[in-house]
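J.: Dumping the structure here so I can ask a few things about it.
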Ligand code: UTP
């Protein structure tokens, strides 16, 4: 679109303020502003303004008919061991056939951690201080070797960390992975708007744009050509995980097997909540669909509700680990939210059953957004002055056929680095890794001294190249001769 037509479309949409200072700008700044404006889908902004902004932010979500979602229990919690064994065998078969790829969402801003640089470059392991990306790279490489088929790895970045992420991989020689199988692509951006729906400027020459949420990954996978690449390579399933969780079993055959056997379009892992008020999303059902309801949207009385046996009713917590069917992603990516129906606190397009187009809804987040005023002077707000729009990947569940939720153990799959200290911090994550290494070693018969929480006194580390889950570790440990003593500084590679 040429510049005049683009500017005219903003005028028609009531967004003329975006170009208020255009005539004062040097040529380069004009080009940049036009580039940013061209990213914006004005009809989408108008729709979101009409639906989400019209809502009272304090309005509750629709809880009608909500019930706890069923999930497949682990064998040690009463699940059927034969069904789990069969799932694992089917998952291994899919891996041997090269039908699965890894997918990391790494486009977040990581504000809580306060680390300067892409979060994936943050050092996390206890002894070697390997960065998050290296941990995943080594797990993916090891899984490729184990199943005799190197895996493709898709990594979603953001506009602001894309170049730094690519440079980091290049500097580290892709951690030994085949470069041709590591694919980076940027997620989309959304403009922030004031409470009046007008798009905010960051400066006279730039629009406030921020990543469109991890749910933006579905569109970005399609737009970047990743889905076509998967199709050409015979890959049908994406193993989705977040960049901040080094404990994740990024390639988990049992999980893949459940997904395949149930012909699921989107599957998820759950951990049972540690306590009633734990701040996690809750797997629920509503109108026959599986949904995730955030803790902030589930009344405290429901969070604390118990069943007849004294167990929490809403016990299945979401840990942001999913499997996604390629064609399901394509379907979701290509539908546009109609913004007509409202459910669980978002503007959304309704389900295929009701005749609407299924699409991921946007959520609003009211924020303090630095901007400029009508005269172009900077404004640093002390209270929220506008809204950012984000999509959440778990909202896709409601549109998936045959969604499966399986239980996993927190200790084997989930210890994210979110905050600089306290819960979910580098310290808790380091300790959870140490506990995991100690468990694997003990299971192999090694003498490991630990405290009551299972934390070893010695700082040790197991490279994913040696073992990346209990099975691969057990196989490698069995073959190791002589076996080393578990002392400070032990590194198994
Ligand atoms: P978080 O919800 O923890 O957000 O993201 P964040 O931006 O990383 O961190 P804070 O809230 O600013 O501290 C969970 C996962 O989703 C990815 C993140 O990179 C992380 O892996 N994510 C989040 C995206 O890829 N894009 C987004 O727009 C948001």
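Here, each number is a calculation from the coordinates, and none is a lab measurement. Just so it is clear, the model here is predicted, and its values are computed rather than measured. Cβ: placed from backbone, ideal geometry, glycine included. Neighbour counts: every protein chain shown.
J.: Run the numbers on region 219-344 and let me know its relative contact order in percent, using alpha-carbon pairs under 8 Å that are six or more apart.
T.: Taking the mean separation of contacting Cα pairs over the length of region 219-344, I get 36 percent.
J.: Using a Förster radius of 45 Å, what is the FRET efficiency between residue 443 and residue 29 based on their Cβ-Cβ separation? Nearest 0.05, please.
T.: 0.15
J.: Roughly what angle does helix 470-479 make with the longest principal axis of the chain, taking Cα atoms, 0 to 90 degrees, to the nearest 10?
T.: Helix 470-479 sits at roughly 40 degrees to that axis.
J.: Assuming R0 = 45 Å, can you tell me the calculated FRET efficiency for the pair residue 233 and residue 73, based on Cβ-Cβ distance, to the nearest 0.05? Write out the running numbers ahead of the final one.
T.: Details: r = 34 Å, r/R0 = 0.76.
Taking R0 as 45 Å, the efficiency between residue 233 and residue 73 is 0.85.
J.: Let me ask you something else. Within a 10 angstrom radius of the beta carbon, how do 328, 115 rank from fewest other beta carbons to most?
T.: Ascending number of Cβ neighbours within 10 Å: 115, 328.
J.: What is the calculated FRET efficiency for residue 383 to residue 12, with r their C-beta to C-beta distance and R₀ = 56 Å, to the nearest 0.05?
T.: Working from the Cβ atoms, E equals 0.95.
J.: Hey, another quick one. Would you mind calculating the relative contact order of region 388-476 from Cα pairs under 8 angstrom and at least 6 residues apart, reporting the percent as a whole number?
T.: Numbers: 62 pairs, mean separation 14.5, N = 89.
Result for region 388-476 is 16 percent.
J.: Just rank 147, 491, fewest to most, by other beta-carbon atoms within 10 angstrom. Walk me through the intermediate numbers first.
T.: Details: 147 20, 491 15.
Arranged by neighbour count, lowest to highest, 147, 491 become 491, 147.
J.: Continuing with the same structure: Using a 10 Å cut-off on Cβ atoms, rank the peptides 222-234, 132-144, 88-100 from the highest mean neighbour count down.
T.: 132-144, 88-100, 222-234
J.: So, one more: What nm value, rounded to one decimal, do you get for the distance between residue 160 and residue 402 when each label is placed 7 Å out toward the C-beta?
T.: It works out to 4.2 nm between the two label points.
J.: Nearest 500 deg cm²/dmol is fine: what mean residue ellipticity at 222 nm does the chain get from its DSSP H runs of n ≥ 4 alone, each adding -39,500 (n - 2.57), divided by its residue count?
T.: Using -39500 (n - 2.57) per qualifying helix, the result is -8500 deg cm²/dmol.
J.: For Cα pairs less than 8 Å apart in space and 6+ apart in sequence, what is the mean separation divided by the residue count of region 23-137, i.e. the relative contact order in percent?
T.: Values: 32 pairs, mean separation 9.0, N = 115.
Contact order relative to length: 8 percent.
J.: When N counts the residues of the chain, how does its alpha-carbon radius of gyration compare numerically with 2.2 N^0.38 Å, as a ratio?
T.: Relative to the rule-of-thumb radius for its length, the chain sits at 1.02.
J.: Please determine, in degrees from 0 to 90 and to the nearest 10, the orientation of helix 3-12 with respect to the longest principal axis defined by the Cα atoms of the chain, where the helix direction is its Cα long axis.
T.: That works out to roughly 80 degrees.
J.: On to the next question. Report, to the nearest 10°, how far helix 81-96 tilts away from the longest principal axis of the Cα atoms in the chain, using its own Cα long axis and a range of 0 to 90°.
T.: Relative to the chain, helix 81-96 is tipped by roughly 70 degrees.
J.: For region 166-233, what is the convex hull (Cα atoms) projected area averaged across all directions, in square nanometres? It would help to have the intermediate numbers written out before the result.
T.: On the way: hull surface 27.7 nm².
Seen from a random direction, the Cα hull of region 166-233 projects 6.9 nm² on average.
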